[in-house]
Amino acid sequence: MLTLPVPNMRSPKVCIIGAGNVGGTLAHRLVENDLADVVLYDIVQGKPQGIALDLMQARAIANHDRQIIGTNDFSDTKDADIIVLTAGLPRKEGMSRDDLLRINASIVKDVIPKAIAQSPDAILIVVTNPLDIMTYLAWQVSGLPPHRVMGMAGVLDAARFQAFIGMELGISDADIRATVLGGHGDTMVPLPRFSTVNGVPITELMSQNAIASIIQRTRHGGAEVVKLMQTSAYFAPSAAACAMIRAILYDQHRLMFTAAYLTGKYGLTDLFIGVPVQLGRRGIEKVIELQLTSDETSALHNSATSIRESINLLPQIS
């Protein structure tokens, strides 16, 4: 009987730029969920190599065969399918997202062109804050089409809203679907009437005061973690990025919330802001436009104005 050779199919490859808490935890999630091989890049000598060695030593226990490389050389990231930018100054207590703009913009402008030069066909996911502005800047300096560039925050913001709804109602998060639009920060727009428990809007299950309190807690969800831990969150952000990567690599065509480039939908253009999208192997396959009330539209446009004001500062810090 003729035996046909097994095709030499290349494993998916994810490049993570930044070996801090988010980057290291994301690498852990990717390999132990058997999603992709990982190259972890950082400017600090030894740090990405040490994390990679630690994860490699855990392979036999975790029962996977994924490859993990730590490096300080962008040439080792060549031919990545997805690039995830986590590098940047971490947020500290009392620091607004806008405080991060200057230093993190300089990092984006330095590392993104180098990464894209090695992986010109990659999809780019930005986690670095202030997220909506850094995603816009990363798109500008990458030269990639906008459907291949996105910011992570919408998945994270919706998850925080979902968690707080579950805590308030004492209901499993598995039954909750939460919707959050807008920028990743104080002007985000959680939408109660689009947020449900097994299809039942939360407006039918809790008081307006309770909903208002949860919305405020969601808007400040990151700051609350910073105040408690004295450093930025990393378990939930890495889980959000991992979910997006899974949707892309498995071509799942999932409806997820990401910072996406708009060209007229929601009455907005030429900025990245959190909206629902269909996510698959090509990146953002389509932007979903919800029918918003006048108040919801006003809140979203207010969030967009805040983002645009920060975008307009970028030429001044070049």
request  = From I284, I245, grab the single residue that is within 11 Å of the chain's Cα centre (by Cα) and either assigned by TED's automatic domain parsing to the domain that holds L85 or surrounded by 15 or more Cβ atoms within 10 Å (Cβ to Cβ) (or both).
outcome  = I245
inquiry  = Taking the condition of being closer than 19 Å to Y234 by Cβ, aliphatic (A, V, I, L, M) and either surrounded by fewer than 24 Cβ atoms within 10 Å (Cβ to Cβ) or assigned by TED's automatic domain parsing to the domain that holds Q140 (or both), how many residues in segment 157-169 meet it?
reply    = 2
request  = Return only the number of the condition from (1) within 30 Å of T305 (Cβ to Cβ); (2) part of a helix (DSSP H, G or I); (3) at pLDDT 95 or above that V226 does not satisfy.
outcome  = (3)
inquiry  = Name the single residue that is surrounded by the most Cβ atoms within 10 Å (Cβ to Cβ) among those in segment 46-74 being small (G, A, S) and outside any loop (DSSP other than H, G, I, E, B).
reply    = G70
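Among the candidates T231, T218, T187, T203, which residue alone is of a type in the set (V, I, T) and either assigned by TED's automatic domain parsing to the domain that holds L35 or over 17 Å from F161 (Cβ atoms) (or both)?
Working: T218 fails: either assigned by TED's automatic domain parsing to the domain that holds L35 or over 17 Å from F161 (Cβ atoms) (or both); T187 fails: either assigned by TED's automatic domain parsing to the domain that holds L35 or over 17 Å from F161 (Cβ atoms) (or both); T203 fails: either assigned by TED's automatic domain parsing to the domain that holds L35 or over 17 Å from F161 (Cβ atoms) (or both).
Result: T231 is the single residue among T231, T218, T187, T203 that is of a type in the set (V, I, T) and either assigned by TED's automatic domain parsing to the domain that holds L35 or over 17 Å from F161 (Cβ atoms) (or both).
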query = Only one residue in S207, S172, S195, S232 is surrounded by 14 or more Cβ atoms within 10 Å (Cβ to Cβ) and modelled with pLDDT of 95 or more. Which one?
reply = S195
inquiry  = Criterion first (modelled with pLDDT of 95 or more and surrounded by fewer than 13 Cβ atoms within 10 Å (Cβ to Cβ)) does T263 satisfy it?
reply    = yes
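So which residues in segment 59-78 are polar (S, T, N, Q) and free of Cβ contacts under 8 Å to residues at least 60 places away in the same chain, if there are any at all?
Passing the criteria: N63, Q67, T71, N72, S75.
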ask   = Across segment 75-104, which residue is nearest to the chain's Cα centre (by Cα) among those that are modelled with pLDDT of 95 or more and in a helix (DSSP H, G or I)?
value = T77
query = Within the group P145, P201, P190, which residue is buried (at least 24 other Cβ atoms within 10 Å of the Cβ), farther than 13 Å from M256 by Cα and without any contact (Cβ under 8 Å) to a residue 40 or more places away in the chain?
reply = P190
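The values are calculated or read from the model by the stated rules, or taken from the named source; none is laboratory data. None of the values given here were measured: they were computed from a predicted structure. Reconstructed Cβ throughout: ideal geometry from the backbone, glycine too, with neighbour counts over all protein chains shown.
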